[in-house]
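Have a look at the structure below, then the notes.
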């Protein structure tokens, strides 16, 4: 029962109102609140605050898609219904899982409901939510409120410096600081009471006074965690006292304007100091926008943020801190700094409290960055006995295999195909993107769903995975990924000597042109999936493990949430293991950053993870080339490795 | 033999040249160099490099004014001549004092000559030189050059982060750092050798790597000390390896535009945030100009400055650091911060190495600032048995009495009269200022000297002291400072009902108007001198001491150097003690800042001084009012306190 989703506290958000016939509900990690009447269903509250939940069966309990986690106040609800007992596993039930359409408030009080990423519908394209274990907040920054009694205060001020009075009062409060920030010194003269009264000090690491504020401001203490992805930035505004996420924000990484993948950005950075400056400013400005957005929606002033944590892969990390990533891409791939460190956030130009620190999570190696460390922290796979597998799907996929016995990791350059790049009609997962595709094997008729249910404008990552997998399942593709020109269908045609498959006809689309999957698109997807599978396969082989040894598979990342489990197995992205061992954990890089923000102990854990992690340089591994060539097949040259897919194809008469 | 002036090293500046018939001479603290032939006099070298030395007797050895200190290589000179043995005391001789016109190079080699402030003529208006004890350099910043062997370097770089390689190499070199500055991290990728070679690290306090530089740059390590006076800024560029001052620079404090004295500046600062910003920028920009000037003249790049120290009185200190000085002037006169601290210099916007630290010397109390601590460090009065008296004359005069048994200090608001402000024809000591005045008691004829020997434009501090003392000596002023209208002379006249004395007739002056000392001017001077004397007198009384108990009197400050000892005794600025106990020590605030820059031990000493110093709140002392009223007289209401002046007046028939 160690893993549960998101943090909450006992205090009701609703304050002093009449609670007799109501239940106050807080939704995490969205940080939204509402109040529902006793007798109402939780799903009503979810709809009221505007969170998009999967509920295709119309709240009848039969589809089992509206799973939520009661992290607090579960006792105020009805007992699980029969529908729930069918849809929710025993272990999930122990972790607090319920179906939102089946649980009803039976007594007044307050509850906290976490909504896991897999229960959400794709409206929120930028996945920021992620699994995280429950933590007791032990942030690096604490606020201590001091009270100077009127009696001898004036006399004392004539003899002692304000900083001395503050330091001794803090010492009496059990905190021995050894320095004041420049900002704290500057705040002192006006913050000190004229003749006795309160003053509040934000203390970092028990040793540096960051700020001095007049009166008692100890209830307001916030932190910000940021996940710097190659493709997206995600931010979390956290109440450091309660541990709650107050608001989240996300943005495409503005560096995309200077290169879609890491290698092209590294090349751009290395060309000139101006380019380097542009990339650096782009990400810093992006993070500042995240801070601004989250603060606005939560009613927090950015100057109330006293600590920041950041994760990212090695290249994103280096560029964010203004460290050249040039050599990271050149043999022997040296990394400038791997261990964690603290800086003043103002040194990078972050718009938070000017005395706030910024903590960088440690990196594992050149292509296994702080994001992988964060993934490991959030899934806690280092606690489990027996091997787990973690795949964080992104432009670079991070792969971690291990458990209590040790961690082995590698990184695989999947490329941006799953993000819709390098694909003829590919696009990001914004309005009008085809995000899901079904192909009828009988007549090759195509069904699809677009983001925002508008006319299609292109096709995004999850749609591409669906399309290629469904094309294979329907016999449009052969096992080596070739489009079978022998199949008779108007949807299969040859343009400029190259075959393609029409997903949507021009008459249905926004732009009036056909949206197709070309032979080249298929090739891009196969290269991407082969890269991921090869990383997993080589790592498992190096550890002497078989796919079936994996007790749990965590699929993390923004893309991990929306891709279809069956279709991605058909493609052969991940090894064929029972579906019930697979968990989509969402953006765990962000979760790890949030955990590090909230807990000093987690910072220590992060260092231990890095010390214990073994790194496999994938490209240099002798197994790599053969494994990669075999993995380009659908689902793999050796179909016996994918018994589930084999069975499916057999059922369709395709084997 | 503990006190000697300025620091030097054994290495010759001249390099590898032919030294057979020459002596290389370095002048400190000017940082100038020359070479003189064997048989030549030191004074010839001084003239060659353009340092203005007092030598009114024409190098005959009779005036004894051209004293210099041989801090190194004294053995290469002739034995002291008879003239020198008459002019130089035994204790001075032991400290290396010689007369520049009497000592001759007798053997080739290299020597270092320090030129004390009192031997210089007034051409250099801004006094930056000051006495300082000799120190072994133990700066906070050290440069450590590391060498990576080609053999296994590439392999190591593939496994370890550059920062780890650096940290372990430093550990092997005996230095265990625990952090790298952001700048050091940024420098790492390009500074690390490709395949073995050297890299140099500047380490602060043995724990933080400030910078990483390609190759071996360990010979270039510089620091900058700055003295922030109310009226002037003085800067010292110091070679942290040798301890030598490479260049000095000075400027009027640009804050003068916003108020001449502390109280008016504090008022201006407190009016608005814009005003506060203006005062802060003014001083920071001024310090940046000092750095720029000194670096230019010494051929040092400002980015090679890795440490900065700053001293100033409490208000100047607070404003420089952007801390409001508002309350310093309001009862109970609280000080925000008194203890020393280190900041990153870039936090204040100083243009030095972006990772450099800035050390603030500690303060004693609201009106006894870091400048007083620096004075004490430079004079080392805490080492002497028996009481010494230190007067640092400035807009505020700091007064310290004590020795090994303890230190007692106070501050006295002398006001800006000695700086030429609040005086009808007063001006700063720039070109055309009357800086010395003689009045013939017989016919009241006036002789004067101006800065740069041009037509007079006004009268500066030292000229005002001379003028008032000489007016008193000549009977123009009575003992209470009134101009005696009964004295018959065209120079004494009444304008608008107020008497005045003409120092220079319009025909002689630049502007064509008479330059006069008015009755109000006299009053200003008497208030200023009374303030200083009262501070000294009250402190002595509180300690149960008489003037004759003072074993040494140190007169420090920019004004202390040029004022005439006899004339200032006639005014009654300082107590009547034998002239041979008086030493002009120049700008010891600057010396203390330089010492702190050069030595970690001195930083510890500074804290001890502050802990040991007792502070007298002068204005609150019951003795103050009577003493002040008595001190407004010339030289004092009780003439018996000034036996030397009494004798002089008696000789003139004035008593």
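Which ones in the stretch A:551-574 are crowded, with 22+ Cβ neighbours inside 10 Å and more than 23 Å from residue A:120 (Cα to Cα)? Within the stretch A:551-574, A:570, A:571, A:572 meet the criteria.
Considering the conditions (1) part of a strand (DSSP E or B); (2) touching a helix residue (DSSP H, G or I) at 6+ places or on another chain (Cβ under 8 Å); (3) within 30 Å of residue B:589 (Cα to Cα), residue B:112 is excluded by exactly one of them, (2). Just need a number here: residues in the stretch B:223-276 that are free of Cβ contacts under 8 Å to residues at least 40 places away in the same chain and under 14 Å from residue B:31 (Cβ atoms). So the answer is 1. All of (1) in a helix (DSSP H, G or I); (2) modelled with pLDDT of 90 or more; (3) out of contact with any helix residue (DSSP H, G or I) (no Cβ under 8 Å at 6 or more places or on another chain) hold for residue A:640 with one exception: (3). Scoring residue A:121 on the criteria (1) modelled with pLDDT of 85 or more; (2) away from chain B (no Cβ under 14 Å); (3) touching a strand residue (DSSP E or B) at 6+ places or on another chain (Cβ under 8 Å) leaves a single failure, condition (1). Looking only at residues in the stretch B:348-362 that are closer than 17 Å to residue B:281 by Cβ and out of contact with any strand residue (DSSP E or B) (no Cβ under 8 Å at 6 or more places or on another chain), the one that is nearest to the other protein chains (Cβ to nearest Cβ) is B:349.
Among the candidates A:638, A:611, which residue alone is more than 23 Å from the chain's Cα centre (by Cα), surrounded by fewer than 19 Cβ atoms within 10 Å (Cβ to Cβ) and under 22 Å from residue A:398 (Cβ atoms)? The unique qualifying residue is A:611.
The residues of the stretch A:164-182 that are out of contact with any strand residue (DSSP E or B) (no Cβ under 6 Å at 6 or more places or on another chain) and within 14 Å of chain B (Cβ to nearest Cβ), listed by number, are A:164, A:165, A:166, A:167, A:168, A:178. Would a scan of the stretch B:10-19 turn up a residue that is within 23 Å of the chain's Cα centre (by Cα) and either at pLDDT 50 or above or assigned to a loop (DSSP other than H, G, I, E, B) (or both)? Among the residues of the stretch B:10-19, not one is within 23 Å of the chain's Cα centre (by Cα) and either at pLDDT 50 or above or assigned to a loop (DSSP other than H, G, I, E, B) (or both), which makes the answer no. Within the stretch A:406-420, identify whether any single residue is out of contact with any helix residue (DSSP H, G or I) (no Cβ under 9 Å at 6 or more places or on another chain) and surrounded by fewer than 24 Cβ atoms within 10 Å (Cβ to Cβ), and answer yes or no. Checked against the condition, which is being out of contact with any helix residue (DSSP H, G or I) (no Cβ under 9 Å at 6 or more places or on another chain) and surrounded by fewer than 24 Cβ atoms within 10 Å (Cβ to Cβ), the stretch A:406-420 yields no hits at all.
Among the residues making up the stretch A:52-73, those that are assigned to a loop (DSSP other than H, G, I, E, B) and under 14 Å from residue A:115 (Cβ atoms) are A:52, A:54, A:55, A:65, A:66.
The set of residues in the stretch A:318-339 being farther than 16 Å from residue B:165 by Cα, facing another protein chain (nearest Cβ under 7 Å) and assigned to a helix (DSSP H, G or I) consists of A:326 alone.
Condition check for residue A:205 on (1) touching a residue at least 40 places away in the same chain (Cβ under 8 Å); (2) within 14 Å of chain B (Cβ to nearest Cβ); (3) over 24 Å from residue A:137 (Cα atoms): one failure, at (3). Kindly indicate whether any position in the stretch A:260-282 is within 14 Å of chain B (Cβ to nearest Cβ), within 30 Å of residue B:315 (Cβ to Cβ) and either in contact with a strand residue (DSSP E or B) (Cβ under 7 Å, 6 or more places away or on another chain) or not in a helix (DSSP H, G or I) (or both). Within the stretch A:260-282 (the criterion being within 14 Å of chain B (Cβ to nearest Cβ), within 30 Å of residue B:315 (Cβ to Cβ) and either in contact with a strand residue (DSSP E or B) (Cβ under 7 Å, 6 or more places away or on another chain) or not in a helix (DSSP H, G or I) (or both)), the answer is no, since none of the residues qualifies. All but one of (1) under 27 Å from residue A:190 (Cβ atoms); (2) within 14 Å of another protein chain (Cβ to nearest Cβ); (3) at pLDDT 95 or above hold for residue B:315, so report the exception by its number. Single failed check for residue B:315: (3). Would you mind stating whether residue A:193 is touching a residue at least 24 places away in the same chain (Cβ under 8 Å), out of contact with any strand residue (DSSP E or B) (no Cβ under 9 Å at 6 or more places or on another chain), within 14 Å of chain B (Cβ to nearest Cβ) and surrounded by 15 or more Cβ atoms within 10 Å (Cβ to Cβ)? No; evaluated as a whole, the condition is false for this residue. Go through the stretch A:539-550 and count every residue that is assigned to a helix (DSSP H, G or I) and surrounded by fewer than 21 Cβ atoms within 10 Å (Cβ to Cβ). Residues meeting the conditions: 6. The number of residues in the stretch B:363-399 being farther than 15 Å from residue B:315 by Cβ and without any contact (Cβ under 8 Å) to a residue 60 or more places away in the chain comes to 1.
Residue by residue, here is whether (1) within 28 Å of the chain's Cα centre (by Cα); (2) surrounded by fewer than 23 Cβ atoms within 10 Å (Cβ to Cβ); (3) closer than 30 Å to residue A:336 by Cβ holds:
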| position | (1), (2), (3) |
| --- | --- |
| B:197 | no, yes, yes |
| B:220 | yes, yes, yes |
| B:225 | yes, no, no |
| B:234 | yes, no, no |
| B:241 | yes, yes, yes |
| B:255 | yes, no, no |
| B:259 | yes, yes, no |
| B:274 | no, yes, no |
| B:290 | yes, no, no |
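Considering B:585, B:602, the condition of being assigned to a strand (DSSP E or B) and closer than 29 Å to residue B:68 by Cα is satisfied by B:585 alone.
The values are calculated or read from the model by the stated rules, or taken from the named source; none is laboratory data. Being a predicted model, the structure only gives us computed values, none of them experimental. Cβ coordinates were reconstructed from backbone atoms using ideal geometry, including for glycine residues, and neighbour counts include every protein chain displayed.
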